[in-house]
Amino acid sequence: MIEYTGLKDWTFADANTREYTHIYHDYPARMIPQIPSSIIEILNIKEGSLLFDPYCGSGSTLVEGVRKGLNVIGTDINPLAQLISTAKTDYLTKIEDLENEINKFISFTMVPKGNPKIIDWNNLNFWFKENAINRIGLIMRYISNIKDAKIKNFFKVAASETIRESSNTRKSEFKLYRYAPDKLIKHNPDPFSTMNKKLSRNLKGYREFHAYMAGKDLMPDAKIKLFNTVNQLPPSIAKKNSVDIVITSPPYGDSHTTVAYGQYSKLSSMWLGIYKEDVDKLSMGGVRKKELEKFDCESLDKAISEVFSKNNKRGIEVSAFYSDLQKSIENVSKLIKNNGYSCYVVANRIVAGVKLPTDDAIRCFYQECGFTHFDTFTRVIPNKRMPLRNSPSNKTGITEETMSKEYIVIMKKN
Ligand SMILES: C[S@@+](CC[C@H](N)C(=O)[O-])C[C@H]1O[C@@H](n2cnc3c(N)ncnc32)[C@H](O)[C@@H]1O
């Protein structure tokens, strides 16, 4: 029996969410590290246990798992997520090796040698100015010559944010919107100085993580795979009944109307040679369907038919998302041990004026897979950044506050 009390303030309004390698890279709808960390503590998950995050994104849960001495597995359909998570969970690179490479890079930026490694892409000049293209190309040339795979990943992650910030896309949005002409004229990014700043900021985070892990006896393992969890997971990713705990935050909805992770990742993925065109299509609910589905989950079925009665197309889109989520849960649930836990951090968005009960949906879907409801914690979101607002009417400029609370739904396998 675990000693457990559900009483806890999950807001973490003043918490530092950018400690350790969490500083490396921004990502839409990032989970704050305090959530997985507290769940692992409350549920008393022991060192050496196996944690799985099926939609790992930038790896916040995985880093916290590693910090707690758990072996971790992450999957995502976005190659950029895989790169960031892989880099963030590394704690074995020698600090001196990383420092030496960074110093070498700084010298290189003073007297750059070699040809810029420029990508062949029709839209390159639309998204980047000439000077940015040349300098990013030189950074890519430098990175291509780094031998150590982990140090190379560290550099690629810093380059990814550098590329986005040196591009012509507006910084305040996750989607790609080019600066208006008057802003574009004044926009003169310097990829070298941005990259140098990112490297030194991330090195500080790596130092903290490395030092923290050096104090542990265990050397936890991290495995991050590119995989669509709507499909059955092969044993090479995780064996059936092997996972002690799942902690994750799935997408809020389909990529057309919520966060388009593929679009967010496009510019840097193109430069890094990892771009996959179908990320947003593969994202849950990404493939358009013709009909509504029934889910045997009363509140969900009721909400979807209400959306459908107001707007057929939106109803079908919403139904397609939950259909994929249900399939993904069926697959994930098989990997969890008896008495193991599954914890989903979700928010209930509003579509066509109807609140969609994703927390209930998770509960129903897991119950169908032989789990019982352990608890649901409510978290008031203190930060008002996207995706708190969306455009429920799908009209530009008309936004509605849809999510100010998150639910941490905890299910237990019988
Ligand atoms: C809310 S984000 C996760 C954020 C993550 N917790 C973090 O802190 O960065 C959801 C992730 O689910 C991924 N995703 C969407 N559909 C997926 C699927 N079918 N299988 C695996 N990953 C998927 C997206 O690419 C995205 O990275």
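Each reported figure results from applying straightforward, stated rules to the coordinates on display, with no laboratory input. Here the structure is a predicted model, which means the values were calculated and not measured. Here the Cβ positions follow ideal geometry from the backbone for every residue, glycine too, while neighbour counts run over all protein chains shown.
Which of LYS183/LYS204; LYS68/LYS150; LYS156/LYS276; LYS289/LYS327; LYS88/LYS355 have a Cα-Cα distance over 25 Å? Table pairs above 25 Å Cα-Cα are LYS183/LYS204; LYS88/LYS355.
The mean sequence separation of alpha-carbon pairs under 8 Å and at least six residues apart, normalised by the residue count of the chain, gives a relative contact order of 18 percent.
Just to confirm the number: angle between the C-alpha axis of helix 79-88 and the first principal axis of the chain, 0 to 90 degrees, nearest 10? Relative to the chain, helix 79-88 is tipped by roughly 80 degrees. Tell me which of LEU98, SER269, ALA180 sits at the most positive position along the dipole axis of the chain, charges placed on C-beta atoms (Lys, Arg +1; Asp, Glu -1). Of LEU98, SER269, ALA180, it is ALA180. Two numbers describe the Cα atoms of segment 193-268: Rg and Dmax, which are 17.8, 48 Å.
The simple spin-label model puts a point 7 Å past each Cα toward its Cβ; for LYS240 and ASN131 those points are separated by 6.1 nm. Scaled against 2.2 N^0.38 Å for its residue count N, the alpha carbon radius of gyration of segment 10-90 is 1.02.
Once R0 is set to 56 Å, what does the formula 1/(1 + (r/R0)^6) return for the Cβ-Cβ distance between GLU47 and LYS186, expressed as a FRET efficiency to the nearest 0.05? Step by step, r from the Cβ atoms, then E = 0.60. Just to confirm the number: angle between the C-alpha axis of helix 312-335 and the first principal axis of the chain, 0 to 90 degrees, nearest 10? That helix lies at roughly 90 degrees to the long axis.
If you take all C-alpha pairs in segment 95-212, what percent of them are over 21 Å apart? In whole percent, the share of Cα-Cα pairs in segment 95-212 beyond 21 Å is 40. Shape analysis of the chain based on the Cα gyration tensor places the equivalent ellipsoid semi-axes at 36, 28, 18 Å, largest first. When cysteine pairs in the chain are screened for C-beta atoms closer than 4.7 angstrom, the residues that find no partner are CYS56, CYS343, CYS369. Per residue, the convex hull spanned by the Cα atoms of segment 148-207 measures out at 92 cubic angstrom. The modelled label-to-label distance between SER404 and ASN115, using points 7 Å beyond Cα along the C-beta direction, is 5.8 nm. Label positions at ARG18 and ASP278, each projected 7 Å from the Cα along the C-beta direction, are separated by 3.7 nm. Eigenvalues of the alpha-carbon gyration tensor of segment 76-144, scaled by 5 and square-rooted, set the equivalent ellipsoid semi-axes at 25, 21, 8 angstrom, largest first.
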